[in-house]
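What follows is a short report on a single structure.
The values are calculated or read from the model by the stated rules, or taken from the named source; none is laboratory data. All of these numbers come straight from a predicted model, not from anything done at the bench. No Cβ is skipped: glycine too gets one built from the backbone with ideal geometry, and neighbour counts run over all protein chains shown. Calculation scope for accessible area: heavy atoms of the full protein, side chains included, ligands and nucleic acids excluded. Shrake-Rupley method; radii C 1.70, N 1.55, O 1.52, S 1.80 Å.
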Amino acid sequence: MARTPTGTSDRGNPRGERPGNPRGERGSRREREGGGKAPGRDGGRDRGEREEELVDKLVHINRVAKVVKGGRRFAFAALVLVGDNKGRVGYGSGKAREVPEAIRKATDAAKRNMIRFPLREGRTLHHDLYGRFGAGKVILRAAPAGTGIIAGGPMRAVFETMGIQDIVAKSVGSNNPHNMVKATFAALQTMTSPRAVAAKRGKKVGDIIGRREEGAAAAASKEA
């Protein structure tokens, strides 16, 4: 009498595939368990909205030519500023063989290096500043409402992306865009707000602002 096999035969399934699940249609584990496709990460929409609010400005593009056998090979370096018009701004540089790729790299670098600076009434600086980087030297002065942005070149781009509305700035050193931008950031990083000063000295913000207003009034009376 022939013996009946207890297991299943692999003759009709040489690759060891599961019944009802042919090769190439396995899907993810979540789909096999009946959970459907994996949902997107939480906050993905918020992240996209934040990126849409950012403003970027192209400051400078430098073209470099390398002489090789058979001709010249060009490369491009871009300097880009990115800000949210609410006190956050960053700069970045990128290099590539094509201009769009260099701008994309610079924009990504600027987004990663964004810094928040305190603003007075959301429109100007809290006090006058001086910054230096290499041969670049800049002087930044707070201005009353209605003054506008009195600055040129790369400094204007920094203030526009940052959201400053009233400021007077002057570059007294190198006119290299990279040095001017870095000198401007060096000056902005030395700015302190009345809230920070009050917390450091253990006083109220009203005491700090009151003394500043009294000093301004005294200076105005002396000039008169």
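Out of all the residues in segment 62-95, which are surrounded by 11 or more Cβ atoms within 10 Å (Cβ to Cβ), touching a Phe, Trp or Tyr at 6+ places or on another chain (Cβ under 6 Å) and aliphatic (A, V, I, L, M)?
L81
Which of the residues belonging to segment 126-142 are surrounded by 14 or more Cβ atoms within 10 Å (Cβ to Cβ) and either among the charged types (D, E, K, R) or within 12 Å of G163 (Cβ to Cβ) (or both)?
Within segment 126-142, R132, K137, R141 meet the criteria.
Can you tell me which residues in segment 153-189 are in contact with a Lys or Arg (Cβ under 6 Å, 6 or more places away or on another chain) and closer than 11 Å to V138 by Cβ?
Passing the criteria: V172, G173, A183.
Would you pick out the residues in segment 203-224 that are under 21 Å from A143 (Cα atoms) and either at pLDDT below 65 or outside any helix (DSSP H, G or I) (or both)?
R211, R212, E213, E214, G215, A216, A217, A218, A219, A220, A224
If we keep just the residues of segment 172-186 that are among the small types (G, A, S) and under 18 Å from the mean Cα position of the chain (by Cα), which is farthest from R156 (Cα to Cα)?
Across segment 172-186, the extreme among qualifying residues is A186.
Just name the residue that is least open to solvent (accessible area, probe 1.4 Å) out of those in segment 109-118 that are over 8 Å from the mean Cα position of the chain (by Cα) and under 14 Å from V158 (Cα atoms).
It comes out as F117.
Is segment 160-167 home to any residue that is of a type in the set (V, I, T) and either surrounded by fewer than 18 Cβ atoms within 10 Å (Cβ to Cβ) or at pLDDT 95 or above (or both)?
For segment 160-167, residues of a type in the set (V, I, T) and either surrounded by fewer than 18 Cβ atoms within 10 Å (Cβ to Cβ) or at pLDDT 95 or above (or both): absent.
Of all strands (runs of 3 or more DSSP E) completely enclosed by segment 125-202, which ones contain at least 2 residues that are among the basic types (K, R)?
136-142
Before we move on, is A106 surrounded by 20 or more Cβ atoms within 10 Å (Cβ to Cβ), of a type in the set (A, V, I, L, M, F, W, C), over 12 Å from the mean Cα position of the chain (by Cα) and not in a loop (DSSP other than H, G, I, E, B)?
no
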